[in-house]
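First comes the structure, then the notes that go with it.
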Amino acid sequence: MVLEVKKPRPLWEILFSTHHTDVALLYLITSIVFILMGGALAMTIRTELLTPGPTIMDDPALFNRVFTVHATTMLFLWILPFISAIGNYLIPILVRYKDMAYPRVNAVAYWMIPPGAALIWLGWFDGGWYAYPPYSIISSPGPSAEMWIFGLKILGISSILGAINFIVTILKCKHPDLPLMKTSLFVWSILVTSFMTLVAIPPFAAALIMLYTDRLGLSGFFDPNAGGDPIAYQHLFWFTFHPEVYIFLLPAVGMAYEIIPKFSRKPIFSYGSGVIAFGILMIIGFMSWAHHMLATGLSFAEKTVFMIGTLAAAPSSSMHIFNWIATMWGGRLKLAAPLKFTIGGIMLFFSAGAGGVVNTTLPLDFITHDTYWVVGHFHLMLMGTISMIFFGFTYYIFPFVTGRMYNEKIANVTFALIFTGTIIVFTMHHILGLLGMPRRIYDYIADPDLILGNQIASIGAYLVGIGVAILVAHLAIAAARGKEANMEDPFGIGEQYYDYRVKEPHH
Amino acid sequence: MTTESKNLIIKSSGRRTAKGIAIILIVMVVGAAISLAYKDVWSKYPPLRVLNQKQQPQTPVETIPTGEKRTFNLVFKESEDFTQLWFEMDGVKNPDIEVSLGDEITINIVNSGLMPHAFGVVSDPNDVNSVIFNSAIGSANKPLSPGMSESATFKVTKPGEYYYICLVPGHALQGMKGKFIVKESKGSAVTTPGTGIETSTPTSAETSGPLIVAEGNTLTIDMQFKESEDFAQLWFESNGEKNPTIKVKAGTQVTINIVNSGLMPHAFGVVSDPNDVNSVIFNSAIGSANKPLLSNNSASTTFTADKPGEYYYICLVPGHALQGMKGKFIVE
C-alpha cells in the first residue's frame, strides 16, 4: 500500500515508526477511515430527515447523539488529522530537513488520536459538538458526556503537540540556505495555523474542565442556579472555535497554493500578498468569535464590533481567491483531478463567504440564526471548500504515498458526484433555512415545501456519499493494483514532484 | 535522480496492500459494531451533580403500612384548538385522586390526543422535575406519543397533598393538572375501593372575583399588569384586587389607564372570546400582540361599551390569558 525505499518493512515497523512519512501515513489512513464513518452518520441524518416524523429512528435523543458524533468526527477526526498528515509528509521536505524536529512527540501526537476517537465513538454524547450548558451540565447523561469531554481534551493535547512540532521544524530546522520568504506558501499556512492552535486551544481546554467540575456539582461556572453564566461558556467556546475555523481553512488554502501553480505551469502570481493574507486572517480569526453569539443579547456596540471584525475577513479571503485566479490566468492548465477539485473548492469558497457576509450582517443574522441556512453556510465551507481541496490533494499526494497512479476517469466521476452533490445539498439547506426550518431537529412540519426541500437535500447528500465511497474504494484498489507512477513527474506537467527518497527510514 | 536509486523503490504488492486494507476494514467494522452495540451503555446515568443531590436528603426510613392495590384509568385529552388540555377518568375532567398511605397504585394511561404527553405525580405542579413516588410515565424528553398507552405501578410512601400533571412543560398550565391526595391511614386501609375518586367539578375559568360597577355614564379604572416572580402566574390588578369583574351599563364610556408593572410585554383588550386574541371588540385595545406595551410603560384607552353581553378583558399577548390575565367584562 505504500512506497518504500531499500527494503520492505513489516507492518508493525511502519505502525510504530517515528519517521515523518510513516506517521503521516497513519494520520492519512485515520482521517480517511473517519470521513467514511462520519459520512455514514451524515447519510443517517439525511435519511432521517427524508420525511417528517420518525423515518428510521424512533428516539429523538438518538438523533442528537448521531449529529453530535458526526460533527465531532468530521472536525477533529477527519479535517485535523488530514492537515497533520499532509503537514507531516511535506513540511520536512519543503523546509529541507531530514524529519520533524521531535519525531517521538510527533508519534505520540498521532497515538493520542485513537483513544480520543474511541471515547467519542463509544460515548455517543447527546449535547451537540458545542456542548452548550445548561443542558450539558444538568441533564446530559453520563458518563458519555465525561467521555466526550476527555476525548476532546486528548485531541486538544494532540493538536498542541503537533503545533509545537510544526513551529519548531519550520523556524528552527529549516535549511540555512532557505529563507522563510522563499518557502512554499503551504509552509506558511501550517506555520500560521500552528500559532493559532497554540493560542486558541487553551481557553476551550479550560472550559472543558469547568464543564466537568460543573457536571460533578463541585462548581457552578455555567449554572445559573449557582450564580454562573451559560453565556460565559459560549465566549470561551467560540474564542477557541472561531479561530479553529481558520485552522481548518488555512491549510486547505495552503494546499491550493501547492496545486494551482504546478497545474497551471506558472509561478504564484503574488507570493507576498499570500503571506500577508495569511497574517491578516490569523489576526481576524481571533477578532470575530462573538459573531456566533449575535443573538444572545450582546450590546449593540459589541455586536457592531464583531460584525465589522467578521466582515474584515472578506478582503483577505478575496486576496487568496484573486491570487489563485491570477495564477491560473494565462497558464497552460492541466485539468487533472487535483486541479478540478481545487477549482471546485474555490468556487464554493466564494459562495460560502458570500453566505457568511449575510450571516454577520446584524439584521439578517436574526433571520438566519439557528436555521438550516447556518448549516448550509458552514458545510459549504467545511465540505465544499476544505474537504474538496483535501480530496484534490489526496489525489495529488497519492503517487508520493503509494508509488502508483489513480485512474483519471474514475477521479473525474468522483469529482462530478461530489461537486454537484455538495451544491445541491448545501444550497438546499440555505433555502430550507429561509423557509424557517430550524437546525438540529429530528422532525419538521409536514409542509410540502419543507418536505420537497429536505428530499432534494437528501438526494444531494447521497450523491456526495456515493462520490466519497467511490473515491476511497478506488484509491484503495489503485494502491494495490494501480499503474506504476513516474516518480519524477507523475502528472506529466513538467514540474518538480516531491522526492520519494525522503522515505528512506533513518531511525 | 539516477537509475541506481530507482532500483531501490519498492512498491507494495497487491497482496500486501490487500492485507493492509483488510486490516483497516476489520478495525473499522469491529470498532463501529462495538460502538453501536454499546451506544446506550455509557449514557445511563444523570450527571453526578444530580446523583449527589438526590442522596443528600436522607430521611429516616418510616415504616409504611401496606395498603391496597388500586387501579386508575386516565386519558390525556385535548380540545380541538389545543388551548385546553386535561385528564379524563370515566368521563370526569381532572378528578381528585384520593388514596391511603402505603397503597399500591396502578395508573393506566392512554394518550388520545395529537400531542405528546407524559404523566407524573409531583409535589410542585409548576416544576416538572419534582416527580415523587417514581410515578412518572414518560418524561418531557421522552413523552408518550399520540395513540400510545402505558402504565406505571408505584407505592405511595408519604402523606400529603400532591398533584398529578402532564410532565411536558406548559401542559399543566393549560389544564393538565389534578389533585393527588395521600391520606394517612392507621393500620389497615379504611377507604373502600372506588370511593377514592371524587367526582370533582370541572375547574371552570369563571372565577367571580371582586366587582367594579359603573355608576353613571362614565367609568375610569386604573389597572396594572402583574406577574409572579417565576412568571408562572399573570394577572390584572386594580386597587389591590386581582382580575376584578367589570360591570357597566350599555353605552357607558369606559376609560382604562393601565401600567405594565411586570417585566414582560403585555397588551390589553376587551374580547368576545377569551381564547382568541383577535376578537377584540369596542376598539378597546391598548397595544397588540405585535406591538405590546413594554415593561414600566403606561397607556390608556377610552371606548364606549355599546353592546350588551358577557365579554372578557385579557392580555392580548398569546398565552398570557391562559396564565391568568383574564377578567370578566359584563355589559348590561
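Read the figures in this text as sums done on the coordinates, not as results from a lab. No experiment lies behind these values; they were computed from the predicted model shown. Don't worry about glycine lacking a Cβ; one is built from the backbone with ideal geometry, like all the others, and counts go over all protein chains shown.
With the highest mean first, a sort of the peptides A:372-382, B:132-142, A:493-503 on other beta-carbon atoms found within 10 angstrom per residue produces A:372-382, B:132-142, A:493-503. The distance separating the Cα centre of region A:10-54 from that of region B:106-144 comes to 42 Å. Length gained on full extension, A:Lys7 to A:Ile466: 161.5 nm, using 0.36 nm per residue less the C-alpha separation. Remark: region A:368-383, residue by residue, has Karplus-estimated 3J(HN,Hα) of 8, 4, 6, 10, 5, 3, 5, 4, x, 4, 7, 6, 4, 6, 6, 8 Hz, where x stands for each Gly or Pro and the curve is 6.51 cos²θ - 1.76 cosθ + 1.60 at θ = phi - 60°.
Residue separation times 0.36 nm, minus the C-alpha to C-alpha distance between A:Ser273 and A:Ile56: what's the value?
Separation in residues times 0.36 nm, less the Cα-Cα distance, equals 73.1 nm.
Taking a point 7 Å from the Cα of A:Thr420 along the Cα-to-Cβ direction, none of the residues of region A:32-68 has its backbone N closer than 14 Å to it.
Here the Karplus curve 6.51 cos²θ - 1.76 cosθ + 1.60, taken at θ = phi - 60°, turns the phi angles of region B:235-244 into couplings of 7, 9, 9, 9, 6, x, 9, 7, 5, x Hz, with x standing for Gly and Pro. Rounded if a/c is under 1.5, else prolate if a/b is larger than b/c, else oblate: which is chain B, with a ≥ b ≥ c the root eigenvalues of its Cα gyration tensor? Oblate, since a/c reaches 1.5 and b/c is not below a/b.
Taking Cα atoms, how many degrees apart are the long axis of helix A:300-311 and the longest axis of chain A, rounded to 10 and kept between 0 and 90? Tilt relative to chain A: about 20 degrees. Principal-axis analysis of the Cα atoms of chain A puts helix A:20-48 at an angle of about 40° to the longest axis. Does region A:277-328 come out rounded, prolate or oblate by the C-alpha gyration tensor, with a ≥ b ≥ c the root eigenvalues, rounded set by a/c under 1.5 and, if not, prolate when a/b is larger than b/c and oblate if not? Verdict is prolate for region A:277-328. Under a 5 Å amide H cut-off, with hydrogens placed 1.01 Å from N, A:Asp229 pairs with A:Phe222, A:Asp223 among residues at least 5 apart or on other chains. The simple Förster model, with R0 at 35 Å and r as the Cβ-Cβ distance, assigns A:Val168 and A:Asp447 a FRET efficiency of 0.05. Modelled label positions at B:Leu51 and A:Leu15, each set 7 Å beyond Cα in the direction of Cβ, lie 3.4 nm from each other.
Converting phi to 3J(HN,Hα) with the Karplus coefficients 6.51, -1.76 and 1.60 and the offset θ = phi - 60°, region A:120-129 yields 5, 7, 7, x, 6, 4, 10, x, x, 5 Hz in sequence order, with x at every glycine or proline. Each Cα pair under 8 Å and six or more residues apart adds its separation to the average, and for chain A the resulting relative contact order is 17 percent.
Note down the relative contact order for chain B as a percent, whole number, built from C-alpha pairs under 8 angstrom at least six residues apart. It rounds to 12 percent for chain B.
The long axis of helix A:185-216 is offset from the longest Cα principal axis of chain A by roughly 30 degrees.
Based on Cα contacts under 8 Å between residues 6+ apart, region B:69-198 shows a relative contact order of 31 percent. A straight Cα-to-Cα reach below 12 Å connects B:Lys69 with the aspartates and glutamates B:Asp103, B:Glu104, residues fewer than 8 places away in its own chain not being considered. Database remark: amide H of B:Glu68 closer than 5 angstrom to the amide H of B:Asp103, B:Glu104 (H placed geometrically; neighbours at sequence offset of 5 or more, or on other chains; Pro and chain starts carry no H). Averaged over peptide A:498-505, the number of partner chain Cβ atoms lying within 10 Å of each residue's Cβ comes to 2. If you take the Cα centroid of region A:179-215 and the Cα centroid of region A:66-117, the two points sit 13 Å apart.
Filter the cross-link list A:Lys6/A:Lys266; B:Lys242/B:Lys307; A:Lys340/B:Lys39; A:Lys303/B:Lys242; B:Lys142/B:Lys291; B:Lys179/B:Lys249 down to pairs whose alpha-carbon distance in this structure exceeds 31 Å. In this structure, A:Lys6/A:Lys266; A:Lys340/B:Lys39; A:Lys303/B:Lys242; B:Lys142/B:Lys291; B:Lys179/B:Lys249 lie more than 31 Å apart at Cα.
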